[in-house]
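Participant: For reference, the structure I am asking about is given below.
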Amino acid sequence: MAQSGVVFGSYAPRVNPKELFDRLTTPKTLELEPRPTFIKVGAVSNVKGSAYMEYGNTKVMAQVEPPKEISKNSNRSGTLGLILCSVKYAPFAALDSEVVARKESFMSVALKKALEPVICRHEFANFQLEIKVLIIDDDGCALSTAINCCGAALIEGGIPTYDLLTSSTVCVLNGQEFVNPTADVEDLLRSLPGCDNSSEEHGVLVTASLSGVGQISECFQKGYLLPETLERLCDHSLAINLRMVDTIKHVLVNKVKQHIASQEGEESNGSDEDMENNS
Amino acid sequence: MANVALSEAEKTFILHGVEEDFRCDGRSRRDYRPMELECEIVNNASGSARLRLANTDILVGVKCEIDTPTSLHPDQGKIEFFVDCSANATPEFEGRGGEELALELADTLTNAYESPSAFDLKSLCILPGQHCWKLYVDILILECGGNLFDAVSLASKAAIFNTRIPKVTAAVMDAGEAELLISDDPYNCTRIEIDNIPILVTVCKIGDCCVVDPSAEEEQCSTASLVVGVSKRNNKCYVSHTHTVGGGSLHKDTMYKCLNLGVTAGATLNDALEKALRLEESRVGNKRKETVGFLK
């Protein structure tokens, strides 16, 4: 950054965010597709429901604990079940500690808001459901991946939900739209708008939706956008959510098929061990 | 938020009223309740404001302290929001009861102010890499009568408008470290530009309609609302933050309707607030005024 006159003190000169932006590979055409995804449901054996998900290079693990009764003397009980969410970054997911604390707190709140409308909470009156997410690697889209992962984990754990929950991130930077922004783009989003006084639009949007019933359970945006742009981004994000449903459905159906196959195997020859090894 | 016990019949009454565009207190769906705003009522703070929106009572104090900028942004100051839900507001806030809500309010404000186009932290920088001002915006919720997000953001904007940062008169270089001399004349100060500072508008979905400025009773009837941060720049309205509140979900079309209602309401509200602030200042002028609020 160019300093006029005397430069006081010394601080490491950072690469000009503008140059960083030019180095980014900007997508030529807008493809409303999710990143290459890997999902494994039932990744942890000793909890009710769990899922592990890789979204490009972002790796997230979610687990759902079995519903617990809320003690009578606390005044939090009601006719609707309580959802508790916590998001933690793995210590080795390199980020400086100050950013991590803030990110964890806001992601926990956002995750809770995304999940509340999806879970049939009236079936858990006086119960609380604890959902824990561990972010192992963050290459952008951490929140939306966490929501996707929780959606799969909830269904794996047999928690009644209204629909499959899917989520995605889109952002706008320097007039260029990025779907599923990587960590580099998300970093630039924080540093680039500050370097010149242009009133150019920038911002990031995360939506979580129940595509089957056409409802948006969570919409989280920050930055500086015209309402029209926000609507456009929202449309794009919802389109990706719709694509994401197929992937998660496929994984869950496969899981059920496997389960049935192993049960049938148990009935016919009494050992399901062999069947699982074969499949 | 604050829990008001409502029966089904009362809820239906409110719902029907909203559908007829005639709410319980006589407002239409796009109307705000009367507001009372007073600046500079806490002597110890650099800037302060108290806002009363019907039954919602908010007191905001801004303090500025000298801090060192972060290495990532050596040319920017800092701003920090802290919300305290007083147990006077509702018994629910006793102990740690209000913590979650307080955190959500503070997070929402931080997110809305985050973009440099919304709030320029560069103006808070004194010496790049060495000294900057850090604004502590302390928000106290004294009474809770619905629509906290809007009230808190309006009061914060008013308090920031009222903030006077003392001028730095000289910097003495001592072994490469700059030492600052702060002017002790209370009138020798700088102000903070508030033109772009966003305000939050909560749009509440009741039945099939959207309303602004929900009262505590109306909040009970709604399952989902949208909070929109509206900032004005070059006569255009920008959205600096949006998020959904409440345990329900919204349809896409409803959400866009809420968003547009929020933006138009935000623009009008923003103009009204700025007009009121300038009017108050021109009337009071520089002299120490008599506080009319409860803090006499």
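The values are calculated or read from the model by the stated rules, or taken from the named source; none is laboratory data. Since this is a predicted model, take the numbers as computed values, not measurements. Quick reminder, even Gly has a Cβ in these numbers, built from the backbone with ideal geometry, and neighbours come from all protein chains shown. The accessibility values were calculated without ligands, DNA or RNA, using every heavy atom of the protein model including side chains. Shrake-Rupley method; radii C 1.70, N 1.55, O 1.52, S 1.80 Å.
Participant: In a Debye calculation with equal point scatterers on the alpha-carbon sites of chain B and no solvent, what is log10 I(q)/I(0) at q = 0.11, 0.13, 0.16 Å⁻¹?
Facilitator: -0.68, -0.92, -1.32
Participant: Kindly state, to the nearest 0.05, the FRET efficiency for B:Phe82 paired with B:Asn235, given R0 = 45 Å and r defined as their beta-carbon distance.
Facilitator: Efficiency, rounded to the nearest 0.05: 0.85.
Participant: Follow-up. If one takes the longest principal axis of the Cα atoms in chain B, at what angle in degrees, from 0 to 90 and to the nearest 10, does the Cα axis of helix B:148-162 lie?
Facilitator: Helix B:148-162 and the main axis of chain B meet at about 30 degrees.
Participant: May I ask you to evaluate 6.51 cos²θ - 1.76 cosθ + 1.60, the Karplus curve with θ = phi - 60°, for each residue of the stretch B:217-231 and list the ³J(HN,Hα) values in order in whole Hz, giving x for glycine and proline?
Facilitator: Here the 3J(HN,Hα) series is 5, 5, 4, 5, 7, 10, 9, 9, 9, 10, 9, 10, x, 10, 10 Hz.
Participant: How large a share of the accessible area of the protein assembly as shown, in percent, is made up of carbon and sulfur atoms when the probe is 1.4 Å and the other protein chains stay in place?
Facilitator: Exposed carbon and sulfur together represent 50 percent of the surface.
Participant: Follow-up question, since we're still on this one. Computed FRET efficiency, Cβ-Cβ of B:Glu94 and A:Glu65, R0 35 Å: what is it to the nearest 0.05?
Facilitator: In this case the efficiency is close to 0.80.
Participant: Just the Cα atoms of the protein assembly as shown: what Rg and Dmax do they give in Å?
Facilitator: 25.4, 94
Participant: Roughly how much accessible area, to the nearest 100 Å², goes out of reach of solvent when A and B pair up, both sides summed, probe 1.4 Å?
Facilitator: 4000
Participant: Also, quick follow-up: Starting from the eigenvalues of the Cα gyration tensor, five times each then square-rooted, give me the equivalent ellipsoid semi-axes of the stretch A:29-266, largest first, whole Å.
Facilitator: 31, 21, 17
Participant: Mind listing the phi-derived Karplus ³J(HN,Hα) values for the stretch A:82-90, rounded to whole Hz, using 6.51, -1.76 and 1.60 with θ = phi - 60°, and x for any glycine or proline?
Facilitator: 9, 10, 10, 10, 9, 10, 10, 8, 5
Participant: Tally Lys/Arg at +1 and Asp/Glu at -1 over every other residue whose Cβ is under 12 Å from the Cβ of A:Val185; what's the total?
Facilitator: Within the 12 Å Cβ shell, the charges total -3.
Participant: Now for a different question. List the pairs from B:Lys134/B:Lys232; A:Lys28/A:Lys249; B:Lys63/B:Lys122; A:Lys40/A:Lys257; A:Lys103/A:Lys132 whose alpha-carbon separation is above 22 Å, in the order I gave them.
Facilitator: Going by Cα-Cα distance, B:Lys134/B:Lys232; A:Lys28/A:Lys249 fall outside the 22 Å limit.
Participant: Of the options B:Leu51, B:Gly17, B:Ala224, report the single residue whose Cα projects farthest towards the positive end of the charge dipole of the protein assembly as shown (beta-carbon charges: Lys, Arg +1; Asp, Glu -1).
Facilitator: B:Leu51
Participant: Next question. Please return the longest range in chain B lying between exposed loop sites, taking GluC sites (Glu not before Pro), DSSP loop only, at most 15 other beta-carbon atoms within 10 Å, and leaving the sites out.
Facilitator: That would be B:95-192.
Participant: Which aspartates and glutamates have a Cα lying under 12 Å from the Cα of A:Lys222, excluding residues fewer than 8 positions away in the same chain?
Facilitator: Candidates past the 8-residue exclusion: A:Glu186, A:Glu201, B:Asp107, B:Glu114.
Participant: While we're on this one: Calculate, in whole percent, how much of the Cα-Cα pair population of the stretch A:113-216 lies beyond 23 Å.
Facilitator: The share of Cα pairs beyond 23 Å in the stretch A:113-216 comes to 40 percent.
Participant: Further question on the same structure: Calculate the translational D of the stretch B:96-233 in whole µm² s⁻¹ from Stokes-Einstein, where the hydrodynamic radius comes from the Kirkwood formula applied to all Cα pairs, the temperature is 4 °C and the viscosity 1.567 mPa s.
Facilitator: 74
Participant: Students often forget the sequence filter, so: which aspartates and glutamates lie under 13 Å Cα-Cα from A:Lys112 once same-chain residues fewer than 8 apart are removed?
Facilitator: A:Glu104, A:Glu130, A:Glu218, B:Glu100, B:Glu104
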